Amino acid sequence: MSAGSILRWSVIGVGVAGRARARAIAADPRAQLACVWRGKHAPETGARMATDLADAIASADVVAICSPTGVHADQARQVLRAGRHCLVEFPLATTASEAASLFALARERGLVLHVEHIELLEAAGRTLGSHVRPEIVASASVSFRGVGPEGASAPDLALANVARLHRLCAVTGPIASVVAVDHEPGRLTAELLTAHGSRATCLFEQAPYFQRRTLLEVRTAAGAAWKQSNDLLTRDGVPQTLLGVGELFPKDQRRVSARILDGTAPYVAEERVLHVLDLVAMLGARTTGTLPHRSDAGGTD
């Protein structure tokens, strides 16, 4: 496709995230929303309703998969086999091996497989990353409390926190090993060692009465204390001016259009996507030891 092309898009699964994706496509001058399939917000888009998945795939140049996690891999495989570019809301798959097979299929067909990670486009996280590199991190911790059913299992908690693990790795670099993992219903904790030698901890909790909160804390070798609480960033308790404030789905949409039309690189490397899914598997299984090597787990731009 030429740089001046307009990409025709289908959105699969128009729930909350799918509606946000449809709106981002509509606002993208390099995109056109051709049709939607399934989801309670599908009629709001004003786009044609596809009759089935095959119709949605055939009607577009790019298919955005915003379905439940369990069907991501199967739907992405169908899209790629049909010769269409594919965007998948995170996580790409429930296992690293399945995700790796999808990346391999996309390369084989000469297609873009884009995994959305809008949490890495947040202004607070981008600002933190502009000041703190993995080499200067002395310690880090990430915690998340979210609303959900009582008694979540370790595998469910680990997979549900892919976004938080990506936030952690964006600051610390790749994880070298899992030192300890503990689980009780609705609560998962872990101690990690990074490839740069720093220590990191995770705490993930879920219950019906929790208010949603993400907290990322980083201490540098020089003693600076950084804290990202949702969209607030402080250094030694002082609020910081944020870089690149703006809506997240349009940011991601511009990047995937550029990947397809201009050949730009992804903002999350394939190796990092697989690395975090490897980490999810170890935390879910409550396994300690060394993580598989993924070419230093890539990184983010």
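The values are calculated or read from the model by the stated rules, or taken from the named source; none is laboratory data. Keep in mind the model is a prediction, meaning the values are calculated, not measured. A quick note on method: Cβ atoms are made from the backbone with ideal geometry, for glycine too, and the neighbour counts reach across all protein chains shown.
Brief remarks follow.
- Residue selected from the stretch 283-301 under the condition over 17 Å from the mean Cα position of the chain (by Cα) and charged (D, E, K, R), by the criterion surrounded by the most Cβ atoms within 10 Å (Cβ to Cβ): 294
- Residue within the stretch 36-58 that is basic (Lys, Arg), touching a Gly at 6+ places or on another chain (Cβ under 7 Å) and at pLDDT 95 or above present: yes
- Of the strands (runs of 3 or more DSSP E) that lie entirely inside the stretch 1-101, those containing 2 or more residues that are closer than 27 Å to residue 278 by Cα span 62-65, 85-89.
- Lone qualifier among 219, 235 - being basic (Lys, Arg) and closer than 27 Å to residue 275 by Cβ: 219
- Within the stretch 135-147, the set of residues being within 23 Å of residue 230 (Cβ to Cβ) and either surrounded by 17 or more Cβ atoms within 10 Å (Cβ to Cβ) or modelled with pLDDT of 95 or more (or both) comprises 137, 139, 140, 141, 142, 143, 144, 145, 146.
- Residue in the stretch 54-66 that is surrounded by the fewest Cβ atoms within 10 Å (Cβ to Cβ), counting only those that are in contact with a helix residue (DSSP H, G or I) (Cβ under 9 Å, 6 or more places away or on another chain) and farther than 16 Å from residue 14 by Cβ: 54
- Pair list, Cβ under 8 Å, 6 or more apart: the stretch 5-26 residue in contact (Cβ under 8 Å) with a residue 24 or more places away in the chain and of a type in the set (Phe, Trp, Tyr), other residue surrounded by fewer than 20 Cβ atoms within 10 Å (Cβ to Cβ) and not in a loop (DSSP other than H, G, I, E, B): 9/32
- Residue in the stretch 108-131 that is in a helix (DSSP H, G or I) and over 30 Å from residue 225 (Cα atoms) present: yes
- Set side by side, the residues 270, 205, 247 differ, and just one is more than 30 Å from residue 84 (Cα to Cα) and either acidic (Asp, Glu) or more than 22 Å from the chain's Cα centre (by Cα) (or both), which is 205.
- Test for residue 199: is it in contact (Cβ under 8 Å) with a residue 40 or more places away in the chain, basic (Lys, Arg) and over 18 Å from residue 278 (Cβ atoms): yes
- Candidates 51, 69, 95, 45, filtered to the one that is among the polar types (S, T, N, Q) and crowded, with 19+ Cβ neighbours inside 10 Å: 45
- Checked against (1) at pLDDT 95 or above; (2) surrounded by fewer than 19 Cβ atoms within 10 Å (Cβ to Cβ), residue 119 passes all but a single condition, namely (1).
- Any hit, the stretch 225-246, residues being of a type in the set (A, V, I, L, M) and in contact with an Asp or Glu (Cβ under 6 Å, 6 or more places away or on another chain): yes
- Looking at 203, 168, just one residue is assigned to a strand (DSSP E or B) and either of a type outside the set (Val, Ile, Thr) or in the same structural domain as residue 124 (by TED's automatic domain parsing) (or both), and that residue is 203.
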